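Written out below as C-alpha cells is the structure these notes cover.
The values are calculated or read from the model by the stated rules, or taken from the named source; none is laboratory data. All of these numbers come straight from a predicted model, not from anything done at the bench. Using ideal geometry, Cβ is built from the backbone for each residue, glycine included, and neighbour counts are taken over all protein chains shown.
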Amino acid sequence: MPSDFSENSSLDQIPFQFGNFQQDDFSSFLSGENQELLTLMNKISKKEEIHHLYIWGATGFGKTHLLQAACKQASESDLQVAYLPLKQLSELSSEMLHDLGELDLVCVDDIECVAGQIEWQQGLVWLYNELRDNEHSMIISSNVSATNIELEVDDLKSRLSWDQVLRIKEADDELKIQILKQKANARSFELSDEVIEYLIVRVDRNLGSLIDILDKIDHASLAAKRKITIPFVKDLIN
C-alpha cells in the first residue's frame with residue numbers, strides 16, 4: 001500500500017502539510033504562459049516521465065503550489081512521495097534524506113535555504129544520485145536560477161542543471177485578476193474587478209504580496225462586517 005512516509009523512520013518528522021495538499025492541485029493553478037511547465041510536472045507526478053526538474057522564479061509565482069500539486073497527484077496515483085519545505089529547515093534533520101531514495105517522487109521546496117548548510121547539501125547530492133539510480137524523480141524549486149544559486153557544495157550545484165531547468169513566468173495583470181478572484185472565492189468572499197485592479201495599480205504588482213493583502217482584506221472585512229469596496233481597501237492599506 002503506498003504511503004507518504006515509512007514507519008519507524010525519520011520521515012515521520014517531515015511537516016508534509018496535508019491540508020495544503022487537499023487544496024493545491026494542478027487544476028487550480030492558472031498556468032498563463034507556464035503550460036509547458038505544467039504539462040511536464042503532470043507527467044512526472046504520474047511517473048509517465050522520469051526527470052530531475054529545477055523550477056525557479058520570484059516569490060509569489062506559484063512554485064509551492066506546483067510542488068504540492070505534484071505531491072497530491074503522485075499520491076492519488078498510488079506513488080510514494082515526500083515534500084520537503086526547506087523554509088522549515090530548523091524543524092528538519094538532514095538524516096531524513098537517507099530515507100527518501102526509494103520514493104517515486106521527492107519535492108524539495110526553496111532549496112536556496114540550505115545555503116551554508118554543508119550536511120544538507122551533501123545529503124541532497126546523495127539523494128539526487130539515489131533517486132536517479134532507482135529511476136525516480138525529484139522536483140526542486142528556488143527563487144534563483146540554477147547557475148546563480150549560492151551553494152558551497154559544487155557537486156550539488158552542478159546537478160541542479162543536469163536535467164530539466166524551467167523558469168516559472170510571472171502572471172500578467174489579466175491573469176493576476178483571475179488568480180485573485182479564485183483565491184477570494186476559495187475564502188468564500190467576493191472581490192470585484194475594480195477592487196483587484198486598484199490593488200494591482202496602487203499597491204504592489206507582485207502576486208505574492210497581493211495574495212498577502214488579500215488575506216488581510218478578508219480578516220478586516222469579517223471583523224468590520226463591511227463590504228469590500230475600494231474606499232474600504234484604501235482605508236485598510238493606509
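Among residues of segment 168-187 that are of a type in the set (G, A, S), those with a Cβ under 9 angstrom from a residue that is surrounded by fewer than 18 Cβ atoms within 10 Å (Cβ to Cβ) and in a helix (DSSP H, G or I), sequence gap 6+ or separate chain, pair up as A171/Q178; A184/D218; A186/Q23; A186/S28. When E91, E36, E48 are checked against the criterion of being surrounded by fewer than 16 Cβ atoms within 10 Å (Cβ to Cβ), free of Cβ contacts under 8 Å to residues at least 60 places away in the same chain, in the same structural domain as N148 (by TED's automatic domain parsing) and out of contact with any Asp or Glu (no Cβ under 9 Å at 6 or more places or on another chain), E48 stands alone in meeting it.
Can you tell which of E174, E135, E130 is outside any loop (DSSP other than H, G, I, E, B), out of contact with any Pro (no Cβ under 7 Å at 6 or more places or on another chain) and either within 28 Å of K47 (Cβ to Cβ) or at pLDDT 90 or above (or both)?
Numbers: E174 fails: either within 28 Å of K47 (Cβ to Cβ) or at pLDDT 90 or above (or both); E135 fails: outside any loop (DSSP other than H, G, I, E, B).
Only one candidate passes the filter, namely E130.
Within segment 140-150, one or more residues are part of a loop (DSSP other than H, G, I, E, B), touching a residue at least 60 places away in the same chain (Cβ under 8 Å), among the polar types (S, T, N, Q) and at negative phi. Consider V114 carefully, then state whether it is at pLDDT below 90 and either among the aliphatic types (A, V, I, L, M) or surrounded by 15 or more Cβ atoms within 10 Å (Cβ to Cβ) (or both). The answer is no for V114. On inspection, F21 fails the criterion of being touching a strand residue (DSSP E or B) at 6+ places or on another chain (Cβ under 9 Å), surrounded by 13 or more Cβ atoms within 10 Å (Cβ to Cβ), modelled with pLDDT under 90 and not in a helix (DSSP H, G or I).
Against the test of being within 30 Å of C107 (Cα to Cα) and either assigned to a helix (DSSP H, G or I) or not assigned by TED's automatic domain parsing to the domain that holds D25 (or both), the options K234, K227, K181 yield a single qualifying residue, K181.
Can you name the residue in segment 88-114 that is in contact with a strand residue (DSSP E or B) (Cβ under 7 Å, 6 or more places away or on another chain) and among the charged types (D, E, K, R) and is also nearest to L131 (Cα to Cα) among such residues? Result: D104.
Close contacts from segment 94-106, counting a first residue that is farther than 17 Å from I44 by Cβ and a second that is aromatic (F, W, Y) and buried (at least 17 other Cβ atoms within 10 Å of the Cβ), with Cβ to Cβ under 6 Å and a gap of 6+ residues or different chains, come to S94/W120. Among the residues of segment 150-167, the ones that are out of contact with any helix residue (DSSP H, G or I) (no Cβ under 6 Å at 6 or more places or on another chain) and surrounded by 20 or more Cβ atoms within 10 Å (Cβ to Cβ) come to 1 in all. With respect to the stated conditions, F232 is more than 29 Å from F26 (Cα to Cα) and either under 25 Å from the mean Cα position of the chain (by Cα) or of a type in the set (A, V, I, L, M, F, W, C) (or both).
Determine which member of the set G60, G101 is modelled with pLDDT of 90 or more and either surrounded by fewer than 18 Cβ atoms within 10 Å (Cβ to Cβ) or not in a helix (DSSP H, G or I) (or both).
Answer to the selection: G101.
Considering each residue of segment 184-200 in turn, none proves to be assigned to a helix (DSSP H, G or I) and at pLDDT 90 or above.
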